[in-house]
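A.B. asks: Before I ask anything, here is the structure I am working with.
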Amino acid sequence: MTASVICRGLGVSAEEAVLLPETSLTAEKPALIALTGANGTGKTTLLKTLAGRQLPSIGECLINGRPPYEFDPAFRAAAASLIDTPPMARDMTLCEQLALVRVSWGEDEAAAFTGAEQTLEQLTIAELGERFPYELSAGQLQLFALALTLSRPFELLLLDEPERHLDTDRVQRLISLLQQRVAFGALIITATHRAEIISQADQQIALNRSPAAE
Amino acid sequence: MSTPAQRLKAARGIHLGREGAPTAGDRWFSLYLIGFVTAFYILPVVYVVGDFLDPDFALQLTQPQSEPVITAALTLLAVAALWTGRIQGPVLLTPFLAHTLLGTDIPRRRVLLLPTLKAVACVGMAAAGLAAVGLFALTLTGVWDWDRFGLLVAAAFAGGVQLALLAFLGQRLSLRALLFSAVVISAAGALGLVFSEMRLATPAGWSGLLWTGGAAWPVAALALTAAAGVILIAAIPAALDRLPAARVLNQSRRISEARLFTSTGSINDAVELFRSKPAHRFHRVPVTAGPAALSGLRQDLISALRSPLSLLGAAVLVPAGAALLTLAAPAAGESFQDSNLLATVPLGVAGAVLLFLGTGSLSEGWRQLKNEFDAAALFGWSSAGALGRRLLWPVLTSGVLTTAGAAGVVVLPGSAAQWKEPAWTLAVTAAALAARFFQSMRSRNIPVEFLAPTVIPGRVDLSAVKILLWLGDGIIITVTAVLAVVVLPLQPSTLVGVLGALILTVMIWGWARTGVQMTAGPPRPV
């Protein structure tokens, strides 16, 4: 199977508002794909549709040959996403939360804690492992949200502006981490406004405002 | 690779070891508190109530004539449970666990089954506990023996489990299916008031037979249907596997935030979380067309139609509250009897609370009233005109819904209520609206002076009481108005005077809190 994501004439509307104008795209793994476009062009809606959280109004969308369906365990195993800020446990340290994510995917507890420390180190926040979420800055929280997402296995990763609150060095770090995952065979689709990410992506998909919205 | 069960156990192990585990102190303290309150407060009070209760009145409560009312109340509870599930169902995990575990490939049924069954059992136990307290008092009067007490408590447990299962349905079903189920149950309940056979078709309607001293088989039927429901949830994979993660996560987040707000005393912010979001409708309806005096009515109507579920909630809660108040009203004033207090006070208070909650979505337009007052002073509009515009919708709709609920009770065959009782109910509705107005006008921040200690003789500090009064002022005003009607042995004219004064005082106080006087006019050139 070469094509991982296929959208044909995919569009989303809510009553009279067009959230995503008709869009067609094909994305094959492994690749890092940058989803670009002005605010309101439907980037987040497209990501939500690919994640199975939004039903299309028209057209179709296939992930590995099947529509995204949250009730299908195989789909949940294949697709990870970071679209909204994920909920965090108030009374658990960052390491404990990351370890919980890892054991829920089958790692044993000792390996999960080691893996959690490594993920934090890759994201340059190793020293925060024993802190609680409320002790973090906005940028650190964004890095932790990325760590939670990257702690689970996936074939397809959907990210919505992962560069939020991050400085230039951290954005570069993020790009190299994503490229590492691509090297292991993943398909990553990320909505972004940052030129660094767009320039280093394997493919760029630009969304345009619908004629009706202009 | 470990099995889904092992993965789940390991994840829960980490969570229970860190965040989710109640400490030994929590557990023992909770048990101590429950035991202490039961032994030293609930049992003595219930014993005294049972001793005080007039046996003739107790017998009257358990006569076959009361069976339709019991069944109708249970049907109302069933519909309420169904709708409660839409807002907060029994499937509940902490937001972090819900997000993490529902995103894995572990079957959802495996993740959600244990918390769901625990919640269902807890609701059943809470229902049994509450029922046991009330039934204990009735049993002391000798209307039935202790065997019947045991049967009724068992029926309450099974009925509580059924209510929790209905809440699960409310959480699981689509909105259309939920509306259909609510209409079918309500219709069965309404028909049960007329045709006794229909009572067997209502959820927990069989308990009515048990209440009036019939055979014991309804307990077995209740237990069997409750057990069947629990088994179906566990056995049908789709029951929990097809529960949308977003719904569970939204409810988990909301209840978690509401708990946090409540723990810091921000009840208004906690309630705000449960307001329904407006739908995209009527964007092109001109709000300035037609008579200016009706513009507020038109705006409020459009706002209400944009949140149809809130409007539906008001359409259910206000008539239900009015019906309960009308049932309680005949005991007020001249026909007042001590023993009837045990029935009329809970009925009246429940009616007042339902009425107050129901008027919430009808008086949404008052949220903007303070801004309109400010704008009136700035731009030279009439502030009294702004008030008049915004009064129309809440007053009209509350009046119509209250009259509908009260009239429903009056026309019931064998009802003790006459046409003067709806007048009482309308007066209480006016008090509830006045309380709403006061709540909308006052600041949402607790005044600093409320935090200062208020020490009375005996070195008792009442500052916490002041804060509680501030937080629950709307309900307190409404319930006080109802208690004034139900409890005080006054003549109707005096009661009208008391209620009128209460409403007037609350309205003037609310108005004064906005900082805008009735006489405020346009700024004049100096």
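A.B. asks: Hey, any hits in the range B:177-193 for a residue that's closer than 20 Å to B:Gln88 by Cβ and open to solvent by 50 Å² or more (accessible area, probe 1.4 Å)?
C.D. replies: yes
A.B. asks: For the range B:318-376, which residues satisfy the criterion of being outside any helix (DSSP H, G or I) and either of a type in the set (D, E, K, R) or modelled with pLDDT of 75 or more (or both)? It would help to see each step written out before you state the result.
C.D. replies: Let us first name the residues in the range B:318-376 that are outside any helix (DSSP H, G or I), namely B:332, B:336-337, B:363.
Once the filter is applied, which keeps residues that are outside any helix (DSSP H, G or I) and either of a type in the set (D, E, K, R) or modelled with pLDDT of 75 or more (or both), the range B:318-376 yields only B:Ser363.
A.B. asks: Tell me, please, whether a residue that is in a loop (DSSP other than H, G, I, E, B) and touching a Leu at 6+ places or on another chain (Cβ under 8 Å) can be found in the range B:225-241.
C.D. replies: So far as the range B:225-241 goes, no, none of its residues is in a loop (DSSP other than H, G, I, E, B) and touching a Leu at 6+ places or on another chain (Cβ under 8 Å).
A.B. asks: Still on this structure, please answer the following. May I ask you to list the residues in the range B:135-154 that are open to solvent by 40 Å² or more (accessible area, probe 1.4 Å), among the small types (Gly, Ala, Ser) and modelled with pLDDT of 85 or more?
C.D. replies: B:Ala154
A.B. asks: For the range B:81-112, what are the residues that are facing chain A (nearest Cβ under 9 Å) and surrounded by fewer than 20 Cβ atoms within 10 Å (Cβ to Cβ)?
C.D. replies: Residues satisfying the conditions are B:Asp105, B:Pro107.
A.B. asks: For the range A:72-129, what are the residues that are among the acidic types (Asp, Glu) and either facing another protein chain (nearest Cβ under 7 Å) or free of Cβ contacts under 8 Å to residues at least 24 places away in the same chain (or both)?
C.D. replies: Across the range A:72-129, the qualifying residues are A:Asp72, A:Asp91, A:Glu96, A:Glu107, A:Asp108, A:Glu109, A:Glu117, A:Glu121, A:Glu127.
A.B. asks: Does the range A:65-83 hold any residues that are among the aromatic types (Phe, Trp, Tyr) and either closer than 17 Å to A:Thr149 by Cα or buried (at least 22 other Cβ atoms within 10 Å of the Cβ) (or both), and which are they?
C.D. replies: Step one: filter the range A:65-83 for residues among the aromatic types (Phe, Trp, Tyr), giving A:69, A:71, A:75.
The one that is among the aromatic types (Phe, Trp, Tyr) and either closer than 17 Å to A:Thr149 by Cα or buried (at least 22 other Cβ atoms within 10 Å of the Cβ) (or both): A:Phe75.
A.B. asks: So, of the residues in the range B:362-395 that are out of contact with any Lys or Arg (no Cβ under 8 Å at 6 or more places or on another chain) and under 16 Å from B:Leu317 (Cα atoms), which turns out to be least open to solvent (accessible area, probe 1.4 Å)?
C.D. replies: Among those residues, the one meeting the criterion is B:Leu362.
A.B. asks: Mind telling me which of the residues A:Leu25, A:Leu19, A:Leu62, A:Leu10 ends up being open to solvent by 60 Å² or more (accessible area, probe 1.4 Å), at pLDDT 90 or above and either more than 10 Å from chain B (Cβ to nearest Cβ) or part of a loop (DSSP other than H, G, I, E, B) (or both)?
C.D. replies: From the options A:Leu25, A:Leu19, A:Leu62, A:Leu10, the qualifying one is A:Leu19.
A.B. asks: OK, next. Would a scan of the range B:83-100 turn up a residue that is outside the structural domain of B:Phe157 (by TED's automatic domain parsing) and within 27 Å of A:Phe71 (Cα to Cα)?
C.D. replies: Within the range B:83-100 (the criterion being outside the structural domain of B:Phe157 (by TED's automatic domain parsing) and within 27 Å of A:Phe71 (Cα to Cα)), the answer is no, since none of the residues qualifies.
A.B. asks: OK, next. Condition first: modelled with pLDDT under 80, under 21 Å from B:Thr478 (Cβ atoms) and small (Gly, Ala, Ser). Now tell me which residues in the range B:399-443 satisfy that.
C.D. replies: Within the range B:399-443, B:Ala417, B:Ser443 qualify.
A.B. asks: Can we say A:Gly52 is more than 10 Å from chain B (Cβ to nearest Cβ), closer than 26 Å to A:Ala206 by Cα and open to solvent by 10 Å² or more (accessible area, probe 1.4 Å)?
C.D. replies: Criteria not met by A:Gly52.
A.B. asks: Among B:Val248, B:Val219, which is touching a residue at least 60 places away in the same chain (Cβ under 8 Å), aliphatic (A, V, I, L, M) and either in a loop (DSSP other than H, G, I, E, B) or more than 14 Å from chain A (Cβ to nearest Cβ) (or both)? So that I can check it myself, show each step before the final result.
C.D. replies: Details: B:Val248 fails: either in a loop (DSSP other than H, G, I, E, B) or more than 14 Å from chain A (Cβ to nearest Cβ) (or both).
Checking each option against the conditions leaves just B:Val219.
Residue-wise test of (1) of a type in the set (Phe, Trp, Tyr); (2) in contact with a Lys or Arg (Cβ under 7 Å, 6 or more places away or on another chain); (3) modelled with pLDDT under 95.
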| residue | (1), (2), (3) |
| --- | --- |
| A:Ser104 | no, yes, no |
| A:Glu109 | no, no, yes |
| A:Gly115 | no, yes, no |
| A:Gln118 | no, no, no |
| A:Gly129 | no, no, yes |
| A:Leu146 | no, no, no |
| A:Leu158 | no, no, no |
| A:Arg164 | no, no, yes |
| A:Thr168 | no, no, yes |
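A.B. asks: Please give the number of the condition B:Ala131 fails out of (1) within 14 Å of another protein chain (Cβ to nearest Cβ); (2) modelled with pLDDT under 90; (3) open to solvent by less than 50 Å² (accessible area, probe 1.4 Å).
C.D. replies: (1)
A.B. asks: A follow-up question, please. Any residue at all in the range B:273-280 that is among the hydrophobic types (A, V, I, L, M, F, W, C) and either surrounded by 15 or more Cβ atoms within 10 Å (Cβ to Cβ) or in the same structural domain as B:Ala128 (by TED's automatic domain parsing) (or both)?
C.D. replies: no
A.B. asks: All but one of (1) in contact with an Asp or Glu (Cβ under 9 Å, 6 or more places away or on another chain); (2) in contact (Cβ under 8 Å) with a residue 40 or more places away in the chain hold for A:Ser57; which doesn't?
C.D. replies: (1)
A.B. asks: Residues B:Arg247, B:Arg253: which one is at pLDDT 85 or above, in contact with a Lys or Arg (Cβ under 9 Å, 6 or more places away or on another chain), among the basic types (Lys, Arg) and more than 30 Å from B:Ser493 (Cα to Cα)?
C.D. replies: Unique residue meeting the criteria: B:Arg247.
The values are calculated or read from the model by the stated rules, or taken from the named source; none is laboratory data. Computed from a predicted model, the values in this text were never measured in an experiment. Neighbour counts are summed over all protein chains in view; Cβ atoms, including those assigned to glycine, are modelled from backbone coordinates with ideal geometry. Note: accessible area is taken over every heavy atom of the protein model, side chains too, but ligands, DNA and RNA are not part of it. Shrake-Rupley method; radii C 1.70, N 1.55, O 1.52, S 1.80 Å.
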